[in-house]
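This report concerns only the one structure given below.
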Amino acid sequence: MTLIDKTPGAGGIAVEVRGLVKHYGTTKALDGVDLDVREGTVLGVLGPNGAGKTTLVRCLSTLLIPDSGTATVAGYDVVRQPRALRRVIGLTGQYASVDEKLPGWENLYMIGRLLDLPRRTARQRADELLERFSLTEAGRRATATYSGGMRRRLDLAASMVGRPTVLYLDEPTTGLDPRTRNEVWDEVRAMVGEGTTVLLTTQYMEEAEQLAHELTVIDRGRVVAQGGVSQLKAKVGGRTLEITPVNPADLAPMARALAETGLDGISGSTVAAGGTALHVPLLADAQLTAVIAVLADRGFDLADIGTQLPSLDEVFLAITGAPATTEPHNDRDEDRAAA
């Protein structure tokens, strides 16, 4: 699998949010959110259920009016210039929004006409996007006959009809199988490569690591952490030393040797079932040298030594106090609050 090129874009700010607040009755879904998205990059927005991610997307896409604060997207104010803004943004929500009674081609053509594209241009754009998303053969069939992955690709294609400057992806791979999820990721990479700026909400940690240049973590309507994946991992701390012996049979004796020495702060050395390496948690750089010295003194031959930062799942848990879910939610808490 090819990872996204993490080289920053041109450096300008495509999305600027300051002090954004949104209430649903007595519930404060957004509580003074600040964030920036650089042009030509992907900002991953993470957060537990009901954190405010979908509310943020709805405010930035003019579907909701914030109670206070400011937000500028592609140079347009989301409150004062909504009509102009809608012409330069795209949105893919958690569920496919295409008309199931219409064929895929008709869906894309209709969207093009709603965006005031000339008939000929709208037809060409529909053909282009069906080919790009591998839907040409199914283009004249009713969307109701499409598989879940095909509908998702069509929904993503629909968000690209107007060639958006900024694209919002609200948990775009909800319920998709791994193969289709990878296909969606490939399309997101292609869009960013063409200059599109993406704001992505997700609870798939792998998705965030694959696509996002920077991350913003929201909890209870507030931004609780920001930065690159490696930066957030470094903030949480807790590196792990991974030691691979030449002889796998030495794994258990190595763990016992470390336990017997009683090195300050060294505890919980583990060997994964069927694993080939010893994992030693580190709290300080000096411990790394001490661990290697002990193993060398005991005569163990080592094949490889490396350190690992916490996984993004562990970072998420440390920052929010809640584990990342294995399947993305659908923000029903926010939907109920908005009703």
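For the range 232-239, the criterion of being in contact with a strand residue (DSSP E or B) (Cβ under 8 Å, 6 or more places away or on another chain) and within 30 Å of LEU60 (Cα to Cα) is satisfied by at least one residue. Quick check on the range 234-246. Is at least one of its residues within 30 Å of GLN210 (Cβ to Cβ), polar (S, T, N, Q), surrounded by 13 or more Cβ atoms within 10 Å (Cβ to Cβ) and at pLDDT below 80? Yes, the conditions are met somewhere in the range 234-246.
I'd like the residue in the range 166-190 that is crowded, with 20+ Cβ neighbours inside 10 Å and closer than 24 Å to THR121 by Cβ and, out of all such residues, is farthest from the chain's Cα centre (by Cα). Residue satisfying both the conditions and the ranking: VAL166.
Restricting attention to the range 112-162, the residues that are open to solvent by 40 Å² or more (accessible area, probe 1.4 Å), at pLDDT 90 or above and closer than 15 Å to THR92 by Cβ total 0.
For the range 9-56, the tally of residues that are open to solvent by 40 Å² or more (accessible area, probe 1.4 Å), of a type outside the set (Asp, Glu) and on the phi < 0 side of the Ramachandran plot stands at 9. Just a yes or no: is a residue in the range 212-230 within 30 Å of GLY19 (Cα to Cα), loosely packed, with under 13 Cβ neighbours inside 10 Å and at pLDDT below 90? Yes - at least one qualifying residue is present in the range 212-230. For the range 61-87, residues that are out of contact with any Asp or Glu (no Cβ under 8 Å at 6 or more places or on another chain) and either open to solvent by 30 Å² or more (accessible area, probe 1.4 Å) or small (Gly, Ala, Ser) (or both) total 18. Restricting to the range 287-308, and then to whatever is in a helix (DSSP H, G or I) and of a type in the set (Gly, Ala, Ser), can you tell me which residue is surrounded by the most Cβ atoms within 10 Å (Cβ to Cβ)? Residue satisfying both the conditions and the ranking: ALA290. Can you confirm whether the range 130-139 contains a residue that is in contact with a strand residue (DSSP E or B) (Cβ under 8 Å, 6 or more places away or on another chain) and not in a loop (DSSP other than H, G, I, E, B)? The answer is no, given that none of the residues of the range 130-139 is in contact with a strand residue (DSSP E or B) (Cβ under 8 Å, 6 or more places away or on another chain) and not in a loop (DSSP other than H, G, I, E, B).
Checked against the criterion of being among the polar types (S, T, N, Q) and modelled with pLDDT of 95 or more, the range 17-27 has no qualifying residue. Pairing each residue of the range 170-181 that is more than 17 Å from VAL198 (Cα to Cα) with any residue that is of a type in the set (Val, Ile, Thr) and in a loop (DSSP other than H, G, I, E, B), provided the two are 6+ apart or on different chains, yields C-beta distances under 8 Å for THR180/THR173. Would you please name the residue that is modelled with the lowest pLDDT, looking only at residues in the range 56-106 that are among the hydroxyl-bearing types (Ser, Thr, Tyr) and closer than 19 Å to ALA14 by Cα? So the residue we want is THR92.
Which one is modelled with the highest pLDDT among residues in the range 270-286 that are open to solvent by 40 Å² or more (accessible area, probe 1.4 Å) and part of a loop (DSSP other than H, G, I, E, B)? The residue in question is THR276. So, THR196, is that one crowded, with 22+ Cβ neighbours inside 10 Å, at pLDDT 85 or above and either touching a His at 6+ places or on another chain (Cβ under 7 Å) or within 20 Å of VAL73 (Cβ to Cβ) (or both) or not? When the stated conditions are applied, THR196 passes them. Taken as a whole, the condition of being in a helix (DSSP H, G or I) and closer than 30 Å to GLY19 by Cα does not apply to LEU108.
The values are calculated or read from the model by the stated rules, or taken from the named source; none is laboratory data. Predicted model only: the values in this text are computed from it and were never measured. When we count neighbours, we look across all protein chains shown, and the Cβ atoms used for this are built from the backbone with ideal geometry, even at glycine. Just the protein is used for accessible areas: all its heavy atoms, side chains included, with ligands, DNA and RNA removed. Shrake-Rupley method; radii C 1.70, N 1.55, O 1.52, S 1.80 Å.
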